[in-house]
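**Student:** My structure is below; once you've seen it, I'll send some questions.
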Amino acid sequence: MFHDKALADLRENDEGWTKGQRDLAVLLGQWRARPEASRVLADFERFGEGEALEACPSLAALFESGSGATRELVANFVELGLWGLRSHPLGHLPLRHGVSHAGQTLLLSHWGTATLALVSYEGERLCALPQARAVAFTPLQSWSFVLAGSATADRVRCAAVEDRCAELQIETLALEPGDVIHRDGRRETIQVRGARGCLVKLRLQRFLGGSEPVREFALADGALMHQAASNLHDSRCELAISVLSRMGRRDAVPVISRIVIGSGHEGLRWQAMRELLALDTRAGMILLGQVAASEDDPLAALAQETQRRLLCTWPELERISQWRS
């Protein structure tokens, strides 16, 4: 087994590790203070607060085809970061990062509803993945600049949605260094299929407000497979409702009922309806009938179909739902 005494000594030296983390944080601050980075980050903050990208010239310049500013910004970051990690081999830059089945993401900045990140896709990992069976559309805007590597990808567009089924259009793309891709995540997404070596891109994203959910459709026939809240607050509400239902907390029925008939997004309201039916069938059937009878509730058609199927399977629910005392 390989054993390096210097690294072993570092593992036992908490003070040295703490100093290394402080030094890496200073290096990151130095990169952010450089003129080319500080101008971009100032624009990025304005963008995260809702400004149009066109009104943020330093940031917008990063996402112009063949932009040299993008390479300069990232090259300076990588140069400083590698120098710091060579000096502190057990340290890590104080930036959020994540690993997926296909690659990795390093978050350079997060402000308001926007994120700026380096994203990589590894060819070997992509080849090992099973063929995609679904595609998800998320309410966000996204710009990507390809820094290195080449890849093939599918641009999947959602042309229309009718009766919980999407009309999907698929276009094959070849990604090369200097390419820029912009997409509206509500209607289109990019699925990277394969890469030669490692594909690296700088990605700018801004999540859109409102209550539009994330929708996942089957690639084979466009059928809706899954729907979830697109914002953190609603996701937490859905999780809390599910936990309370699994715990059998009948004292939560009034709160869950208010969510069902409230003004929240459709996904949250329907999740509350499902959990209410499991937690208190009588209360759930009463509210299901109320929603089904509504003339302007977007969940009315779904509630009518669910009510019909439940009553066909368990006719006694008709009597239960009419007992309100």
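**Student:** Rg to Rh for the chain: what is it, with Cα atoms only and Rh by Kirkwood?
**Tutor:** Computed over Cα atoms, the ratio is 1.07.
**Student:** For PHE44, what is the net charge nearby, where nearby means another residue's Cβ is under 12 Å from its Cβ and Lys, Arg count +1, Asp, Glu -1?
**Tutor:** With Lys, Arg at +1 and Asp, Glu at -1, the neighbours total 0.
**Student:** Something else about it: Taking amide hydrogens as modeled 1.01 Å from N in the peptide plane, which residues meet the under 5 Å criterion relative to LEU108, leaving out close sequence neighbours?
**Tutor:** Excluding prolines and chain starts, which carry no amide H, the hits are LEU116, ALA117, LEU118.
**Student:** Considering just Cα atoms, how many Å³ per residue does the convex hull of region 142-301 enclose?
**Tutor:** So the per-residue hull volume is 138 Å³.
**Student:** Computed FRET efficiency, Cβ-Cβ of ILE170 and VAL26, R0 35 Å: what is it to the nearest 0.05?
**Tutor:** 0.15
**Student:** Could you compute the FRET efficiency for ARG250 and HIS101, with r as their C-beta to C-beta distance and R0 at 41 Å, rounded to 0.05?
**Tutor:** Approximately 0.50, to the nearest 0.05.
**Student:** While we're here: So how far, in whole Å, is the C-alpha centre of region 35-67 from the one of region 209-260?
**Tutor:** If you average the Cα positions of each part, the centres end up 35 Å apart.
**Student:** Enter the angle in degrees (range 0 to 90, nearest 10) between the Cα long axis of helix 35-48 and the first principal axis of the Cα atoms of the chain, meaning the one along which they spread out most.
**Tutor:** 10
**Student:** Let me ask something else about it. Using a probe of 1.4 angstrom, how much of the accessible area of region 13-74 is carbon and sulfur, in percent?
**Tutor:** Answer for region 13-74 is 51 percent, counting heavy atoms of protein chains only.
**Student:** Sticking with this structure for a sec: Please compute the Kirkwood hydrodynamic radius of region 132-212 from all pairs of different C-alpha atoms, in Å with one decimal.
**Tutor:** 13.6
**Student:** Run the Debye formula on the Cα coordinates of region 245-299, all scatterers equal and no solvent, and tell me log10 I(q)/I(0) at q = 0.23, 0.26, 0.31 1/Å.
**Tutor:** Once normalised to I(0) and log-transformed, intensities are -0.82, -1.03, -1.36.
**Student:** Points 7 angstrom from Cα along the Cβ direction at ARG282 and ALA223: gap in nanometres?
**Tutor:** Going by the 7 Å Cα→Cβ label model, 3.7 nm.
**Student:** Could you tell me the relative contact order of region 15-64? Use alpha-carbon pairs under 8 Å, at least six residues apart, and round to a whole percent.
**Tutor:** Result for region 15-64 is 24 percent.
**Student:** Compare the Cα positions of VAL146, VAL26, CYS165 along the charge dipole of the chain (+1 at Cβ of Lys, Arg; -1 at Cβ of Asp, Glu; about the Cα centre) and return the one farthest towards the positive end.
**Tutor:** Of VAL146, VAL26, CYS165, it is VAL26.
**Student:** Estimate the FRET efficiency between HIS182 and GLU266 by the formula 1/(1 + (r/R0)^6), using the beta-carbon distance for r and 25 Å for R0, to the nearest 0.05.
**Tutor:** 0.35
**Student:** While we're here: Taking the chain as the reference, fit the longest principal axis to its C-alpha atoms, fit the long axis of helix 68-87 to the helix C-alpha atoms, and give the angle between the two in degrees, 0 to 90, nearest 10.
**Tutor:** Value to nearest ten degrees: 80.
**Student:** Can you give the calculated 222 nm mean residue ellipticity of the chain, where each DSSP H run of n ≥ 4 adds -39,500 (n - 2.57) and the sum is split over every residue, rounded to the nearest 500 deg cm²/dmol?
**Tutor:** -13500 deg cm²/dmol
**Student:** Treat each spin label as a single point 7 Å out from the Cα along the C-beta direction, and report the ARG133 to GLU79 distance in nm.
**Tutor:** Between ARG133 and GLU79, the simple spin-label model gives 4.9 nm.
**Student:** Summing +1 for each Lys or Arg and -1 for each Asp or Glu, what net charge is found among the other residues whose Cβ lies under 12 Å from the Cβ of LEU59?
**Tutor:** Net local charge, LEU59 excluded: -3.
**Student:** With a 10 Å radius around each residue's Cβ, average the other Cβ atoms per peptide and rank 248-255, 303-310, highest first.
**Tutor:** Highest to lowest by the protection proxy: 303-310, 248-255.
**Student:** Hey, what's the Kirkwood Rh for region 208-325 if you take every pair of different alpha carbons, in angstrom?
**Tutor:** Roughly 15.1 Å, rounded to one decimal.
**Student:** Measuring with a 1.4 Å probe in the full set of protein chains, what accessible area per residue, in whole Å², belongs to the chain?
**Tutor:** 56
The values are calculated or read from the model by the stated rules, or taken from the named source; none is laboratory data. A quick note: this is a predicted structure, and the numbers were derived from the prediction, not measured. Here the Cβ is made from the backbone with ideal geometry for all residues, glycine too, and neighbour counts use every protein chain on show. The area values use the complete protein model at the heavy-atom level, side chains included, leaving out ligands, DNA and RNA. Shrake-Rupley method; radii C 1.70, N 1.55, O 1.52, S 1.80 Å.
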